[in-house]
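The structure appears right after this line, and notes come after that.
The values are calculated or read from the model by the stated rules, or taken from the named source; none is laboratory data. Worth saying up front: this structure is predicted, and the values here are computed from it rather than measured. Neighbour counts run over all protein chains shown; Cβ positions are idealised from the backbone, glycine included. Just so you know, the surface numbers come from the protein's heavy atoms only, side chains and all, with ligands and any DNA or RNA stripped out. Shrake-Rupley method; radii C 1.70, N 1.55, O 1.52, S 1.80 Å.
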Amino acid sequence: MPDRENSCVVRESRQVVRKFLARPQHEGVGAIVRRSIGRFELKYFDPFLALDEFSVTAPAGFPDHPHRGFETVTYMLQQDPKGTSWAMVVPNILDLFGLKNCFEIFLQGSVLHEDFEGHKGTIAAGDLQWMTAGRGIVHSEMPAAQGTQKGLQLWINLSSKHKMIEPRYQEISSKDIAEASNDGVKVRVIAGEALGAKSPVYTRTPTMYLDFTLEPGARLQQPIPASWNAFVYVLDGEGGFGSGSKAVTALAHHLLLLSSGGGDGLEAWNKTAKPARFILVGGQPLGEPLAQLGPFVMNSEEEIDQAIDDFEKCVNGFEKARHWRSESGISLGF
Ligand code: FJE
Ligand code: FE
């Protein structure tokens with residue numbers, strides 16, 4: 001029965017209307033990101049401000065920097081999504097004994113974050129950090145293990161009434177991320193709901209974020225709310241998206257913007273001999289004016305000037321920035 005349900009949930013697929021290859025660029029200090037949303041040809045895809053597929057190798061990273069007015073969603077990519085590597089099992093065992101942070105050196109695909117309120121931890125392979133910066137966060141995001149750490153960071157805008165809320169974190173470790181499988185389709189539900197699995201993450205700006213892996217020959221139909229903007233970003237293999245003569249295929253590092261108006265979901269398939277992995281992300285557009293200066297995202301230039309002023313004077317949410325420097329920044333001499 002679930003198979004039948006899954007094969008008739010989408011009456012008309014959205015189509016791919018734009019396709020970009022995200023090329024590597026330098027960001028932070030010595031870090032490399034493949035930015036798709038947020039680069040100059042695609043400054044804003046309401047409510048999404050940026051999507052970076054990032055790689056960091058110590059001592060490179062994203063040392064002490066502020067945020068205001070939006071959310072950052074950091075999702076670390078597993079090195080080997082099929083097998084169960086030690087890098088995935090060891091942290092879970094250590095976590096049972098409260099020792100996870102003592103053994104960061106063993107963690108593959110992990111980032112150490114520290115903020116000016118003393119909130120600190122590692123985001124390891126497959127883990128999720130959903131950070132609502134609200135009125136202000138100052139933090140550092142640095143590799144927490146040897147080798148190259150890879151992940152995705154998505155910036156989601158907040159509506160004018162939520163821009164100045166208290167900062168908040170929602171952190172989910174890999175083992176607690178909701179997963180479901182059906183007929184060669186596997187999903188990890190970062191936000192929203194798919195194949196009967198549901199994420200506990202609360203999205204201030206209504207958002208869905210699904211990490212799909214399609215085995216060779218598999219087909220997927222995923223509903224998407226009609227008024228939402230939605231995109232696909234391919235992580236691995238080659239996926240096919242859309243229906244009929246407008247269907248397209250795409251390889252890793254490609255961003256696909258989906259049509260809006262008509263279409264109640266997405267059809268995707270894998271006709272290759274290897275698994276295809278991609279994320280499908282959708283969000284309710286805010287439809288508000290945008291004013292952005294780097295990590296400050298507001299509705300007007302006056303509010304941007306205010307944010308810069310607040311940050312420089314350490315007021316209105318930036319009080320704790322006055323005497324704070326991250327431990328990783330201090331030890332690396334930043
Ligand atoms: C930032 C430049 C930056 N993408 N992906 C300017 F690089 C950043 C920044 C990040 C970032 C951090 C991680 Cl862990 C992953 C990222 C950009 O920190 F915030 C500004 N303002
Ligand atoms: Fe940041």
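Here are the numbers:
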item: Accessible surface, 1.4 Å probe, highest first, among residues Glu193, Glu238; result: Glu193, Glu238
item: Too-long pairs where the Cα-Cα distance tops 22 Å, listed order kept, from Lys19/Lys186; Lys120/Lys150; Lys175/Lys274; Lys43/Lys120; Lys198/Lys274; Lys43/Lys313; result: Lys19/Lys186; Lys175/Lys274; Lys43/Lys120; Lys198/Lys274; Lys43/Lys313
item: Farthest toward positive dipole pole in the chain [+1 Lys/Arg, -1 Asp/Glu at C-beta], among Tyr169, Ser245, Thr122; result: Ser245
item: The range 11-60 versus the range 213-254: alpha-carbon centroid distance in Å; result: 17 Å
item: Per residue, in Å², the accessible surface of the range 200-246 once ligands and nucleic acids are set aside, probe 1.4 Å; result: 36 Å²
item: The chain: angle of helix 86-96 to the longest principal axis, Cα-based, in degrees nearest 10; result: 60 degrees
item: Protein accessible area in the chain, 1.4 Å probe - carbon and sulfur %; result: 53 percent
item: Simple spin-label estimate for Glu171 and Ile308 in nanometres, 7 Å along Cα-Cβ; result: 3.3 nm
item: Principal-axis tilt of helix 301-313 within the chain, Cα atoms, nearest 10 degrees; result: 50 degrees
item: Separation between Cα centres of the range 272-317 and the range 147-208, rounded to whole Å; result: 17 Å
item: Quotient of Cα Rg and 2.2 N^0.38 Å for the chain, N being how many residues it contains; result: 0.98
